[in-house]
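The values are calculated or read from the model by the stated rules, or taken from the named source; none is laboratory data. Note that the structure is predicted; figures quoted are calculated from it, not measured. Neighbour counts run over all protein chains shown; Cβ positions are idealised from the backbone, glycine included. Areas reflect the complete protein model, heavy atoms only, side chains present, ligands, DNA and RNA absent. Shrake-Rupley method; radii C 1.70, N 1.55, O 1.52, S 1.80 Å.
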Amino acid sequence: YNLPNADFTSIRNIAYKYIQSIGDPIELYNNLQRGEKIIDDERLLYKYLVSFGSKHKDKLYSSFEVIIENIKNEKFDIIDWGCGQGTATMLLLNYAKERDITLDIDNITLIEPSSLALSRALLHIDVLKQKNYNIKAINSDLDCLDDDEIIKSDNKTLHLFSNILDIESFSLDNNFFKKVSNYLENDA
C-alpha cells in the first residue's frame, strides 16, 4: 500500500528485494515444484513472483492484446481459476493502466486452494484496482469447487486460466469442463 505508483513491476521488485535479503536459498525454488505447489509459506509467495512473474506477464500481455477490443467497452466479470496471488487479474489491471484503458469490471471471482496466496491476491487487486469491484474469494481446489460459490450475473465473463491447465494436481476432465461451461453463455 505504500507504493506511490503501484504496478506489477514495483510489486515484483518488492519480492525480488525480499528474496535477495534472505540470500535466495535454492530450496525455495525447489519447494515451488516448478510452480505447481500449493503455497503454504510466505517466502514462497515472493519466490514465485520472482521466478515466474515475468513469464506470466509476457504470456498474458500477448493474450490481452488479442482480446482487449472485446472487453474494453463492455461491463464484464472475471473468473480467475487457480488464481494464485491473483497474477492474471493483477496483470490485466496493470495492462489496462499502462495503456490508459478503463475496464468496466463488475465482479471478480478468485479461486485458489492456498489461503495464503488467496489473501495476497486480494491485496494485489486492491492495490491495482481502477474502481471498487465485487470480489469473491473462494478458497478451494478446482476439484472440490461448488458451482454455487461462483458469482453469476448477466455480464460477459472473462475466464483466466493463467497457469493451471498443465497442473497435474487437479482433474482436467469432463467435470472441470462442465464447471467452466456453466458460465460460457455470456462469456468473452
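Of Ile68, Ile38, Ile79, the residue with the greatest mean-square motion in the GNM of the chain, using alpha carbon springs below 10 Å, is Ile68. For the pair Asn2 and Asn31, the difference between a 0.36 nm per residue extended length and the Cα-Cα distance amounts to 7.5 nm.
What ratio of Cα Rg to 2.2 N^0.38 Å holds for region 92-141?
On the way: Rg = 11.7 Å, N = 50, 2.2 N^0.38 = 9.7 Å.
So region 92-141 has a normalised radius of gyration of 1.20.
Taking all protein chains into account, the per residue accessible area for the chain stands at 51 Å² (1.4 Å probe). Computed over the chain, the range of Cα coordinates on each principal axis works out to 49, 38, 25 Å, biggest value leading.
When each full DSSP H helix of the chain is screened for a Cα extent of at least 18 Å along its own axis and an average Kyte-Doolittle hydropathy of at least 0.0, the helices passing are 115-128.
Under 16 Å from the Cα of Lys129, which lysines turn up, not counting those fewer than eight places away in the same chain? Output for Lys129: Lys72, Lys75, Lys97. Kirkwood radius and radius of gyration were both taken over the C-alpha atoms of region 12-96, and their ratio Rg/Rh is 1.04.
Can you tally the net charge around Asp104? Count Lys and Arg as +1, Asp and Glu as -1, for every other residue whose Cβ sits under 12 Å from the Cβ of Asp104.
Values: positive: Lys72, Lys75, Lys131, Lys156; negative: Glu74, Asp77, Asp106.
Neighbour charge sum, excluding Asp104 itself: +1.
Identify which of Leu49, Leu110, Leu32 has the largest mean-square fluctuation in a Gaussian network model of the chain, with springs joining Cα atoms closer than 10 Å. Among Leu49, Leu110, Leu32, the largest GNM mean-square fluctuation belongs to Leu32. Within a straight-line Cα-Cα reach of under 16 Å, Lys136 can be paired with the following lysines, leaving aside sequence neighbours fewer than 8 residues apart in one chain: Lys152. Normalised by 2.2 N^0.38 Å, where N counts its residues, the alpha-carbon radius of gyration of region 68-153 equals 1.06.
Please enumerate, by chain and number, the aspartates and glutamates with C-alpha under 15 Å from the C-alpha of Lys156, excluding those fewer than 8 residues away in the same chain. Reachable aspartates and glutamates: Glu69, Glu74, Asp77, Asp80, Asp104, Asp106, Glu185, Asp187.
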